[in-house]
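The values are calculated or read from the model by the stated rules, or taken from the named source; none is laboratory data. Quick caveat, the model's predicted, so the values are computed rather than measured. Glycine gets a Cβ as well: all are built from the backbone with ideal geometry, and neighbour counts include every protein chain shown. The protein model used for the area step is the full one, side chains on, heavy atoms only, and it has no ligands, DNA or RNA in it. Shrake-Rupley method; radii C 1.70, N 1.55, O 1.52, S 1.80 Å.
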Amino acid sequence: MKLTKLLTYLTTEPSVNDSQDPEITSIEMDSREVKKGSLFVCVKGYTVDGHDFAQKAVENGAAAIVAERELDVDVPVIIVRQSLRALSVLSDAFYGQPTKKLQLIGITGTNGKTSTTHMVDEILKKAGKSTGLIGTMYMKIGDETLPVKNTTPESVTLQKTFKKMNDKQVDTAIMEVSSHALSLGRVHGCDYDIAVFTNLTQDHLDYHKTMDEYRQAKSLLFSQLGGAFNHEHPKHAVLNADDEASAYFEKVTAAHISTYGIKNNADVMAKNITITAQGTSFDLVTNKGTKHITMSLVGQFNVYNVLAAVATCIAAGIPFETITEAVEELHGVRGRFELVNQQQEFPVIVDYAHTPDSLENVLKTCRDMTVGKLFVVVGCGGDRDKTKRPKMAKIAVELADEPIFTSDNPRSEDPRAILRDMEAGVENEYYHSIANREQAIFFAIANAKKGDVVLIAGKGHETYQQIGSETFDFDDAEVAARAIVELNKNKTNS
């Protein structure tokens, strides 16, 4: 696409003369990704400023630069007021507004986004849909899986991915939408058909500062569904009737409302819930029908995730019978209440729970499975919301018999300082502090016996640990498996 054609999509069209009208081959915000013909957009980040890399981008082949100030380079420089906003507009245009050719489902909330996204994906595939998925763990385009850096990628990566979905005849895309992405405008240009809310509990207050700001950021997904009523292609907001934030989201959207819940009256409900260590059963009650559900997933939090997925798929027009068949076939997502089995005498569970609410939910589920003692290995990330730390520790001490505080991803912080923040919430209480995460996991498993349960919380699917400026290989499930093998070996030799 010619530069002048691309620039017509900006509200205030910057002037570029005909002699400065190169063919644009790609849009990039990382100078290292620039190639011949790229349009480089200078974005100010938290630690680096893209304007400082404009010359490097030109050396790598950039045909033009979008910036917020004048630059001394030998290619056309287009000055805009906000580079990030321009990046969204230009990316959407360059890739042919790809989300208009998709049924796009966005799922936001503090907890449950990943599980709900995968559940919706499985139900849609059961219905014969060709799906794409963008989330915390990876991106998926049909059968192809790709790595991700952020839960919700930058706008240019998003639009490029949606274009690939178009090219592979994907008809429905499901994505996790983080509060950071909403606040920073990464999803500007994404034409959502269905927006889904899981829940709102404390997280990311290092960034949003207050719960009101956090809620407002989440609300953008619903307000950006637009104000028009399109009866041929209606927009839907799927809300958790048991979460008080839903009332706020309902006010800010003009979309059709669908609700789900357990406690309060809703369009999709679970009644007569029975939870065991082997699975969960409940009566699924909807305006499309009622069905007794038996599934292998464990815990009330998974019931909520399933209800959100069911309500979403009803809004997407999937037949009720197909939905219920798929729900009973659902399997857990890696790192979400994942059982580690090496023929040990007690359950070992790895879970991503890294907020006070999610830790409480998963510990309560583990408590229902526990005959003897409940062990929990839990830490808090460095350079993140410090107010969570004493709360997480308090929940661990209250709900577990053997709470073990340890490192998560300490990043630039001293692991011992993070532990002291946790310990401040449980003065004079019983707990263990073991800064080395591997040692903490080995300690828990070495001391557990038949009838006990070991929960390893916080990192879930992650296969790394960030310590200082370095990233090390670290997988909770693999470490736990090694600890169990060593325990079994010691028992055999004793």
Dividing the alpha-carbon radius of gyration of segment 322-462 by 2.2 N^0.38 Å (N being the number of residues), what value is obtained?
-> 1.06
Could you sort 143-154, 189-200, 253-264 so that the peptide with the highest average Cβ count within 10 Å comes first and the rest follow in order?
-> 189-200, 253-264, 143-154
Could you work out the Rg to Rh ratio of segment 210-326, with Rh taken as the Kirkwood radius (inverse of the mean 1/r over all Cα pairs)?
-> 1.00
Using only Cα atoms, tell me the angle between helix 356-369 and the longest principal axis of the chain; keep it within 0 to 90° and round to the nearest 10.
-> 40 degrees
With label points set 7 Å from each Cα along the Cα-to-Cβ direction at Glu345 and Met211, the distance between them in nm comes to 4.4 nm
If you project the alpha carbons of segment 261-301 onto their three principal axes, what span does each projection cover, largest first, in Å?
-> 30, 18, 13
Per residue and in Å³, how big is the convex hull formed by the alpha-carbon atoms of segment 143-227?
-> 115 Å³
Report the normalised scattering of segment 1-109 as log10 I(q)/I(0) at q = 0.10, 0.12, 0.21 Å⁻¹, calculated by the Debye formula with identical scatterers on the alpha carbons.
-> -0.28, -0.40, -1.11
Would you calculate, for the chain, the mean residue ellipticity at 222 nm contributed by helices, counting each DSSP H stretch of 4 or more residues as -39,500 (n - 2.57) and dividing by all residues, to the nearest 500?
-> -10500 deg cm²/dmol
Over all distinct Cα pairs, what is the inverse of the mean 1/r for segment 276-372, reported as the Kirkwood hydrodynamic radius in Å?
-> 14.7 Å
Relative contact order of segment 129-249 (C-alpha contacts under 8 Å, at least 6 apart) in percent is 23 percent
Calculate, for segment 80-214, the solvent-accessible area per residue in square angstrom, rolling a 1.4 angstrom probe over the heavy atoms of the protein chains.
-> 35 Å²
Distance in nm between Asp49 and Val485 label points, each 7 Å along Cα→Cβ, equals 5.2 nm
Surface/4 of the Cα convex hull for the chain, nm² | 25.0 nm²
Degrees between helix 300-315 axis and first principal axis of the chain (Cα, 0 to 90, nearest 10) | 40 degrees
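What percentage of the solvent-accessible surface of the chain, computed with a 1.4 Å probe over protein heavy atoms, is contributed by carbon and sulfur atoms?
Answer for the chain is 47 percent, counting heavy atoms of protein chains only.
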Note, His461: beta-carbon cut-off 11 Å, +1 each Lys/Arg, -1 each Asp/Glu, net -2
Averaged over every viewing direction, what's the projected area of the C-alpha convex hull for segment 394-494? Give it in nm², one decimal, please.
-> 7.2 nm²
Probe 1.4 Å, heavy atoms of protein chains only: per residue, the accessible area of segment 322-428 in Å² is 40 Å²
Per principal axis, largest first, the Cα atoms of segment 324-405 extend in Å by 42, 29, 21
The helix 155-167 Cα axis meets the longest alpha-carbon principal axis of the chain at an angle in degrees, between 0 and 90 and rounded to 10, of 90 degrees
On the formula 1/(1 + (r/R0)^6), with r taken between the Cβ atoms of Gln20 and Ser412 and R0 of 35 Å, the FRET efficiency rounded to 0.05 is 0.20
